[in-house]
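The values are calculated or read from the model by the stated rules, or taken from the named source; none is laboratory data. Not measured: the values here are computed from a predicted model. All Cβ positions, even for glycine, are placed from backbone atoms using ideal geometry, and neighbour counts span all protein chains on display.
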Amino acid sequence: MTVTRNETVDTATTFNASAATPALAAARLVLARDLRLAFRRPGEMLQPLVFFAIVTTLFPLAITPELSQLRVVAPGVVWVSALLSSLLALEFLYREDAHDGTLEQYALSGQSLTWLLFAKTASHWLLTGLPLAVMAPIAALALGVPVASVTGIVGSVAVGSIALSLIGAIGASLTLGVRRSGVLLSILTLPLAIPVLIFGASATSRAIAGEDYSAPLYLVGAIAVLGITLAPLAAAAAVRISLE
Amino acid sequence: MSTLGLRGEGLHLWRGDRHILRDVSLELRSGEVLQLTGSNGAGKTTLLRTLSGLVYPEEGRVLWAGEDIRKDLRAYHAQLAYVGHEPPLKTDLTPRENLRYWIGVRQRLTASDIDRALDEVGADEWRERAVRTLSAGQRRRVALAGLKLLAAPLWLLDEPTTNLDTAGQELVGRLIEAHAARGGMVIAAVHHELTLPTLVVRHMQLAAS
């Protein structure tokens, strides 16, 4: 019996568990891996952005080149295109990681899966949401909005896309087991994304009209905060189920 | 007692109407190697995934160091290395980068740790190439280097010798022996006999459902 106990102590020291990566460093590695992968094949990242650019430039051709009229529809055009392009980008969020066993290794890493998926969603936002927030005012300016409204547009799209990425993370994780998940993903995600669309577009149109847009922006912010706290938990639970 | 060891007690698992695991019990202590055999579809992978805590059995439980693994799954996972039949590698990254991210998420490691592990599995210039351009056997070797780096006492290996040449299969044997000699535990699902000259390997046959 004594022998066994000695062996146990030896084993415990051989496999030193104190070298575990701290949570913050682990999240940084997840982020770094995703960013590096994205820059190694930029096509995937550019696709939603190109889609956004195409849709927003098609509107003036279809409606009217009259700037005074375009200014009225600009918030809607920008926001609907942003929402659809973020849906397009969601397909890539977990798909490959699920396929090559990365999600499985995350789940078995001894780190909090919720935390690692939060880092993954953050990298997804950096790669899709942030560029969208940069492109949105350019598209809006082309639709004749005043330059003074640029801050409001960037702010509302940036905050709104955080909320959309997190809502999308829930949808993407729930549809991991489904083979052609595109349609199902949209049906699942869109109802949750509607409030973001309504308040985001409202903030943008107030910014364009030169009014105070803080109230709708705060509401979008509230949805984003709710997403930050709850969406990674839900995504982690869904990913665990998909791994069974 | 907190003796390091894995125990599966009366595991039952159904998939639809197929009863895959039928009252499977096993025990593994420090320094032991267990080889799972059984025809395709007999449930080797399912058993490994159940032992890893990824899959919930309908009945029975898995104990690690005398405690149900469900009590603290994360602490258990920190002690566990699971390598499935596909190496968990990103094809657009090099073996070095892959190991840095895959293993680095779990434990601190330096670039020289990674290089040493890659040396050990016989990686030469191809450690700088994208995994996409590597052969299946080379990918498998990268996964073995990852296994080598993980400071986990329990290894659950699903077909670790797939796609490997004779030298590679001997390498798997050497890694397992070294691991067992350090007091580690290995459960491996393998079709053919492992080449482990210095070890007594226990066998477990899973019957096809």
### Message
Quick check on my filter: what residues within segment B:5-46 are away from every other protein chain (no Cβ under 14 Å), aliphatic (A, V, I, L, M) and not in a loop (DSSP other than H, G, I, E, B)?
### Response
B:Leu11, B:Val24, B:Leu26, B:Val33, B:Leu34, B:Leu36
### Task
Can you give me the number of residues within segment A:134-182 that are surrounded by fewer than 22 Cβ atoms within 10 Å (Cβ to Cβ), without any contact (Cβ under 8 Å) to a residue 24 or more places away in the chain and closer than 23 Å to A:Ala236 by Cβ?
2
### Query
Looking at (1) crowded, with 19+ Cβ neighbours inside 10 Å; (2) touching a helix residue (DSSP H, G or I) at 6+ places or on another chain (Cβ under 6 Å), which is the only condition B:Gly38 fails?
(1)
### Task
Quickly run through segment B:155-167 and pick out the residues that are over 11 Å from B:Val83 (Cβ atoms) and touching a Leu at 6+ places or on another chain (Cβ under 8 Å).
B:Thr161, B:Leu164
### Query
Is it fair to say B:Trp102 is within 20 Å of A:Arg28 (Cα to Cα), in contact (Cβ under 8 Å) with a residue 12 or more places away in the chain and buried (at least 21 other Cβ atoms within 10 Å of the Cβ)?
yes
### Task
State the number of residues belonging to segment B:110-124 that are more than 13 Å from B:Leu147 (Cα to Cα), away from chain A (no Cβ under 12 Å) and not in a helix (DSSP H, G or I).
3
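Each row is one residue, and each column tells you yes or no for (1) away from chain B (no Cβ under 11 Å); (2) modelled with pLDDT of 90 or more; (3) more than 26 Å from B:Arg74 (Cβ to Cβ).
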position	(1), (2), (3)
A:Thr14	no, no, no
A:Ala19	no, no, no
A:Ala23	no, yes, no
A:Gln47	yes, yes, yes
### Subset tally (residues that are hydrophobic (A, V, I, L, M, F, W, C), crowded, with 24+ Cβ neighbours inside 10 Å and within 13 Å of another protein chain (Cβ to nearest Cβ)) for segment A:86-106
1
#### Entry: Within segment B:53-109, considering residues that are in a strand (DSSP E or B) and among the β-branched types (Val, Ile, Thr), the one nearest to the other protein chains (Cβ to nearest Cβ)
B:Val83
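Being surrounded by fewer than 23 Cβ atoms within 10 Å (Cβ to Cβ) and part of a helix (DSSP H, G or I) is true for just one of A:Ala203, A:Ala238. Which residue is that? Give the steps one after another, and end with the answer.
Values: A:Ala203 fails: surrounded by fewer than 23 Cβ atoms within 10 Å (Cβ to Cβ).
So the residue among A:Ala203, A:Ala238 that is surrounded by fewer than 23 Cβ atoms within 10 Å (Cβ to Cβ) and part of a helix (DSSP H, G or I) is A:Ala238.
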